[in-house]
Amino acid sequence: QVQLVESGGGLVQPGGSLRLSCAASARIFSIYVLGWYRQAPGKQRELVAIIDSAGRTNYADSVKGRFTISRDNAKNTVYLQMNSLKPEDTAIYYCNAAFRATNYWGQGTQVTVSS
C-alpha cells in the first residue's frame, strides 16, 4: 500500500504561481509513473501532467508552457510548479502513482485562482 499526501494548494490571484508537492510512502518510489490530475466542480477528473520513471513528461494542452512536473526520488516526492495561473485552473488537484495495474491516489489539495 502506498500513501500519497499532497500539499501546497491555496488561493492565488490570476497570473500568480503555486507549487504543489506530493510525498509518497512507497519503498521503491522510482519505479512509479507519477501524475497530477485535477477536478473542477461539475467536471470530470482530468490529467494535468505525468512523469515516468525515466523522467519523461507529458502535459495537457491547457497547461503546456505554464506548468512543470518534476520528481525527486531521493525524497519520494513529486512536484507541480504552476505559473501564470488562470481562473480556469481552479480545481482540486490529486496526485497519482501507478505501477502496472496498481493505482494510488492522494486526498487532493484545493487550488483556487481568483482576484
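Of note:
- Any hit, segment 76-84, residues being modelled with pLDDT of 95 or more, of a type in the set (A, V, I, L, M, F, W, C) and loosely packed, with under 14 Cβ neighbours inside 10 Å: no
- Members of segment 1-46 found to be surrounded by 14 or more Cβ atoms within 10 Å (Cβ to Cβ), assigned to a strand (DSSP E or B) and of a type in the set (A, V, I, L, M), listed by number: Leu4, Val5, Val12, Leu18, Leu20, Ala23, Ala24, Val33, Leu34
- Take the conditions (1) within 14 Å of the chain's Cα centre (by Cα); (2) under 19 Å from Leu4 (Cβ atoms); Ser30 misses just one of them, which is (1).
- Scanning segment 93-102 finds no residues that are open to solvent by 30 Å² or more (accessible area, probe 1.4 Å), out of contact with any His (no Cβ under 9 Å at 6 or more places or on another chain), at pLDDT 95 or above and not hydroxyl-bearing (Ser, Thr, Tyr).
- Within the set Val33, Val5, the sole residue that is within 28 Å of Pro87 (Cβ to Cβ) and hydrophobic (A, V, I, L, M, F, W, C) turns out to be Val5.
This table checks each residue for (1) assigned to a helix (DSSP H, G or I); (2) free of Cβ contacts under 8 Å to residues at least 40 places away in the same chain; (3) in contact with a Pro (Cβ under 8 Å, 6 or more places away or on another chain); (4) not hydroxyl-bearing (Ser, Thr, Tyr).
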| residue | (1), (2), (3), (4) |
| --- | --- |
| Asp61 | no, yes, no, yes |
| Gly65 | no, yes, no, yes |
| Thr68 | no, yes, no, no |
| Gln81 | no, no, no, yes |
| Ser84 | no, no, no, no |
| Asn96 | no, no, no, yes |
| Tyr104 | no, no, no, no |
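Yes or no, residue by residue, for (1) polar (S, T, N, Q); (2) on the phi < 0 side of the Ramachandran plot; (3) touching a Phe, Trp or Tyr at 6+ places or on another chain (Cβ under 9 Å):
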{"site": "Ala49", "(1), (2), (3)": "no, yes, yes"}
{"site": "Ala54", "(1), (2), (3)": "no, yes, no"}
{"site": "Thr68", "(1), (2), (3)": "yes, yes, yes"}
{"site": "Met82", "(1), (2), (3)": "no, yes, yes"}
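The values are calculated or read from the model by the stated rules, or taken from the named source; none is laboratory data. For clarity, every value in this text was computed on a predicted model and none was experimentally measured. Ideal geometry is used to build each Cβ from the backbone, glycine not excepted, and the neighbour counts take in all protein chains shown. These accessible areas exclude ligands, DNA and RNA; they are computed on the full protein's heavy atoms, side chains included. Shrake-Rupley method; radii C 1.70, N 1.55, O 1.52, S 1.80 Å.
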